[in-house]
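Every number here is computed from the coordinates shown, using simple stated rules; none is lab data. Nothing here was measured: the structure is a model prediction, and the numbers come from that model. We place every Cβ from the backbone using ideal geometry, glycine too, and count neighbours over all the protein chains shown.
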Amino acid sequence: MDIYIDTANLDDIKEAASYGILDGVTTNPSLVAKEGVDFHDRLSEICEVVDGPVSAEVVSIEHDGMIAEAMELTKIAKNIVIKLPCITEGLKACKTLSDEGIKTNMTLCFQPLQALMVAKAGAFLVSPFLGRIDDIGGDGMELIQQIRQVYDNYGYQTKILSASIRHPLHMVQAAMIGSDVATVPLKVIQQFMKHPLTASGLEAFLADWDRAQAILKSNQPAMA
Ligand code: E4P
């Protein structure tokens, strides 16, 4: 399973990259706005840190504008993936870019037919936002399961990128369903190696070790 970090914050990206498990980055207009930096400059900084796919989202909502933005974004680095919304104009842009060999990430996916359509248009990634479905009382994980089944039924190669991951259980469930990728904020990635029994077990091991060393040392004959 690939793990992307969901942020435009360079320090967070560098921190996650230092763990040796980072496969890519997703950004969105809200995440970039939070940083208060130039979008293209930041993407270029991110691509210096991460070799894998870096998603950059367009803000046009019609085909020609999307394509014009995509052409500028792809100049930044070879690993830029164009993020387009799951609307009809985005679908058309996905087809145009895919036919040109440009990778796309179809975002704001909330139902399985959007995922089916973008796979037919050649999308590289589809991003179902499972946390936002849970937020309104739905079952985000059911959507991941539905898309997995549809893609497996027909052999679509579009990768399922579970997005809007809020906590480790989302990650466990997405992995069990067979989501190809998950994009996760740093604070959630940092929970993946944590368990209270690991912490207390390690503390006990180290205390026992220190106690044994102290006993061995006190049993040694004093030097003349
Ligand atoms: C994915 O590409 C999106 O940037 C992201 O996962 C949205 O998450 P949110 O619902 O926590 O904003």
| request: Could you look through the stretch 126-143, keep only residues that are more than 13 Å from the ligand (Cβ to nearest atom) and among the hydrophobic types (A, V, I, L, M, F, W, C), and pick out the one that is surrounded by the fewest Cβ atoms within 10 Å (Cβ to Cβ)? | output: Met141
| query | Does Ser179 fit the bill of being touching a Lys or Arg at 6+ places or on another chain (Cβ under 6 Å) and either within 16 Å of the ligand (Cβ to nearest atom) or more than 19 Å from Leu108 (Cα to Cα) (or both)? | reply | no
| task | Considering each of Leu84, Leu73 in turn, give the residue that is surrounded by 17 or more Cβ atoms within 10 Å (Cβ to Cβ) and part of a strand (DSSP E or B). | result | Leu84
| task | Tell me, yes or no, whether the stretch 98-114 has at least one residue that is more than 23 Å from Asp12 (Cβ to Cβ), touching a Lys or Arg at 6+ places or on another chain (Cβ under 9 Å) and not hydroxyl-bearing (Ser, Thr, Tyr). | result | yes
| request: Go through (1) closer than 30 Å to Thr104 by Cβ; (2) more than 16 Å from the ligand (Cβ to nearest atom) and name the single condition Met171 misses. | output: (2)
| said: Condition first: in contact with a strand residue (DSSP E or B) (Cβ under 8 Å, 6 or more places away or on another chain), surrounded by fewer than 15 Cβ atoms within 10 Å (Cβ to Cβ) and not in a helix (DSSP H, G or I). Now tell me which residues in the stretch 21-68 satisfy that. | reply: Ile21, Ile61
| task | Taking only the stretch 188-198 into account, find how many residues are surrounded by 10 or more Cβ atoms within 10 Å (Cβ to Cβ) and assigned to a helix (DSSP H, G or I). | result | 3
| request: Those residues that are closer than 18 Å to Val81 by Cα and within 16 Å of the ligand (Cβ to nearest atom), I need them from the stretch 144-163; list them, please. | output: Thr158, Lys159, Ile160, Leu161, Ser162, Ala163
| request: Go through (1) crowded, with 24+ Cβ neighbours inside 10 Å; (2) within 18 Å of Val54 (Cβ to Cβ) one by one and return the number of the condition Ala93 breaks. | output: (2)
| task | Pull up the stretch 100-125, narrow it to residues that are among the polar types (S, T, N, Q) and under 15 Å from Ile82 (Cβ atoms), then point me to the one that is surrounded by the most Cβ atoms within 10 Å (Cβ to Cβ). | result | Asn105
